[in-house]
Amino acid sequence: MTEDLLHQLIHLLDEGGVHTYPALAQRLGIGEALLEGMLQDLTRMGYLRAVGGVCDTRCAGCPLASACAVGRPGRIWVLTDRGRRSVEREAEASEQIEQEV
């Protein structure tokens, strides 16, 4: 089940945009503490990378300030090449299954 949640999280992050911890946790049906653990796990496994450390209330110099919806201290995560390849492989596998059906 946790592996499914990890895949779901990768797909949500692949959608792009800015996501708050509460919004991601709600979409996955989990608590924020578990979400934080999942983000850390995906980082350790090489699927995600934290960018720029931790955000704070000094947004004036941040290039993402106009798009940011965090509204409180948080972190910015991006998919690594490995994370993007994982999403692509799953999409290809799904497409192949659909063609076989």
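The values are calculated or read from the model by the stated rules, or taken from the named source; none is laboratory data. Fair warning: this is a prediction, and the values are worked out from it, not measured in the lab. In this analysis, Cβ positions are derived from the backbone assuming ideal geometry, glycine residues included, and neighbour counts consider all displayed protein chains.
Rundown of residues vs (1) in a loop (DSSP other than H, G, I, E, B); (2) modelled with pLDDT under 90; (3) surrounded by 15 or more Cβ atoms within 10 Å (Cβ to Cβ), yes/no style:
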{"residue": "G17", "(1), (2), (3)": "yes, yes, no"}
{"residue": "A23", "(1), (2), (3)": "no, yes, no"}
{"residue": "R27", "(1), (2), (3)": "no, no, no"}
{"residue": "A33", "(1), (2), (3)": "no, no, no"}
{"residue": "M38", "(1), (2), (3)": "no, no, yes"}
{"residue": "G46", "(1), (2), (3)": "yes, no, no"}
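I'd like to know if the stretch 50-70 contains one or more residues that are under 15 Å from I10 (Cα atoms), in contact with a strand residue (DSSP E or B) (Cβ under 6 Å, 6 or more places away or on another chain) and at pLDDT 90 or above.
Restricting attention to the stretch 50-70, the residues satisfying the condition of being under 15 Å from I10 (Cα atoms) are 50.
Filter once more, keeping what is in contact with a strand residue (DSSP E or B) (Cβ under 6 Å, 6 or more places away or on another chain): 50.
Now drop any that are not at pLDDT 90 or above, which leaves none.
No.
Look through the stretch 71-101, keep the residues that are more than 17 Å from L12 (Cα to Cα) and among the β-branched types (V, I, T), and return whichever of them is modelled with the highest pLDDT.
Among those that are more than 17 Å from L12 (Cα to Cα) and among the β-branched types (V, I, T), it is I97.
Assess whether A25 counts as being in contact with an Asp or Glu (Cβ under 6 Å, 6 or more places away or on another chain) and small (G, A, S).
Details: in contact with an Asp or Glu (Cβ under 6 Å, 6 or more places away or on another chain): yes; small (G, A, S): yes.
The answer is yes for A25.
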